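Data block below; observations after.
The values are calculated or read from the model by the stated rules, or taken from the named source; none is laboratory data. Predicted, not measured: the structure shown is a model, and the values here were computed from it. Note that we place each Cβ from the backbone using ideal geometry, even for glycine, and neighbour counts take in every protein chain shown.
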Amino acid sequence: MRTVHAVSASTIYNPAQQAVVALLGRPEEPPSFPAGLGDELQQEMEHALAAVVERRGTAASLWVSKHALATVHGCEAHHVDAAARPFEWSPSAARGAVAHKAIELSVHWRGEAPPMDLVDEAIARLIDADGVSMQRFLQGLSEGDRAELRGVAVDLVSRFQECFPPLKAAWIPVTESRARVELLGGALVLSGKTDLSLGRAAGLQANKVIIDLKSGRPSITHREDLRFYALVETVKLGVPPRQLASYYLESGRAHPEEVTIALLRSAVRRTIDGVTKLVELETGVREATRLGGPTCRWCPLSVDCPEGQAELGREDDEAGSPW
């Protein structure tokens, strides 16, 4: 049974906001986890990966993120190609970065701020943080493309404000929080950055909720990303988060998942398999496999890739003829 946070008489939530409050409401008895769980999961990963990481033959740490795991568990050829290319801003990447930064500002902004003001402030801060790369990208856009970028970002920020209640200080809202754990004496680093978290662990009781904000359609990868976050959190603190949720701004719906020991062990196995693939691809022991999927739509390899062409043809068939 959950207890819903008290709402003052002056606060009026719409149904979508009420649903968020019900989802995030702290249960009367938060789940507790055994002492030593984080150490146990760390030891399991280190035992399985010690020889694998040693084969790299370098003192440089191997940094593993949710993105690296997601791509290496998908099309390995796309992963290798993307990893070899320097980062460049794209319209979709810029829209997402601007919207996330603006939402981060909105959570901690004193008083109300119009979404357009938040987006403009977010763009200015991203230019300061990223420097030449972001500035060059924006300067290269036509006035229409720049207006479209701002418009999409404003729409996403507006959806967040419509769907989420104002986050009270007592809920301990934290945005864009980075976390990492070092395994094998620092030879392997698992790192992550959560969009939004609420609450914190108390003793061995799990009280934290981790939320990923999404602008697109649901994907199984989104759930696996959150499970990886939960694993990093558990190894770091010794206590896992209580709940994970992908929140889709377009539909105003959350896809929640309670954290269990079985979920964490699943994340351990996926991480072990992913790190093994990453090392084998890096050292040339493994030849990259090809797998059709959503990334084929923007993968430069798809032009000469049979699996990519088959995937694109399948998408065209599912879309049907416009005539």
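Taking segment 223-246 as the range and being in a helix (DSSP H, G or I) and free of Cβ contacts under 8 Å to residues at least 40 places away in the same chain as the test, the residues that pass are Arg223, Leu226, Ala230.
The set of residues from segment 287-309 being in a loop (DSSP other than H, G, I, E, B) and touching a residue at least 24 places away in the same chain (Cβ under 8 Å) comprises Ala288, Thr289, Arg290, Leu291, Gly292, Gly293, Cys299, Cys305. Taking segment 12-22 as the range and being exposed (fewer than 11 other Cβ atoms within 10 Å of the Cβ) and not in a helix (DSSP H, G or I) as the test, only Ile12 passes. Is it fair to say His73 is within 30 Å of Ala288 (Cβ to Cβ), without any contact (Cβ under 8 Å) to a residue 24 or more places away in the chain and not assigned by TED's automatic domain parsing to the domain that holds Val132? Spelling it out, it is not the case that His73 is within 30 Å of Ala288 (Cβ to Cβ), without any contact (Cβ under 8 Å) to a residue 24 or more places away in the chain and not assigned by TED's automatic domain parsing to the domain that holds Val132. Report, by residue number, each residue of segment 181-221 that is among the hydroxyl-bearing types (Ser, Thr, Tyr), assigned to a loop (DSSP other than H, G, I, E, B) and either surrounded by 16 or more Cβ atoms within 10 Å (Cβ to Cβ) or at pLDDT 90 or above (or both). Within segment 181-221, just Ser215 meets the criteria. For Glu88, the conditions (1) closer than 30 Å to Thr276 by Cβ; (2) over 20 Å from the mean Cα position of the chain (by Cα); (3) of a type in the set (D, E, K, R); (4) loosely packed, with under 14 Cβ neighbours inside 10 Å are fulfilled apart from (2). From the residues in segment 266-319 that are loosely packed, with under 14 Cβ neighbours inside 10 Å and under 30 Å from Gln42 (Cβ atoms), which one is nearest to the chain's Cα centre (by Cα)? Restricting to residues being loosely packed, with under 14 Cβ neighbours inside 10 Å and under 30 Å from Gln42 (Cβ atoms), the top hit is Arg269.
Take the conditions (1) part of a helix (DSSP H, G or I); (2) within 26 Å of Tyr248 (Cβ to Cβ); (3) modelled with pLDDT under 90; Glu112 misses just one of them, which is (1). When the criteria are applied in full, Glu112 meets the requirement of being acidic (Asp, Glu), over 19 Å from the mean Cα position of the chain (by Cα) and under 30 Å from Ser158 (Cα atoms). Counting the residues of segment 191-230 that are in contact with a helix residue (DSSP H, G or I) (Cβ under 8 Å, 6 or more places away or on another chain), of a type in the set (A, V, I, L, M) and farther than 25 Å from Gln161 by Cβ gives 2. Of all residues in segment 260-271, those that are more than 23 Å from Gly74 (Cα to Cα) and touching a residue at least 60 places away in the same chain (Cβ under 8 Å) total 1. Note on segment 143-170: residues that are over 17 Å from Val98 (Cβ atoms), surrounded by fewer than 19 Cβ atoms within 10 Å (Cβ to Cβ) and either modelled with pLDDT of 90 or more or of a type in the set (Phe, Trp, Tyr) (or both) amount to 1.
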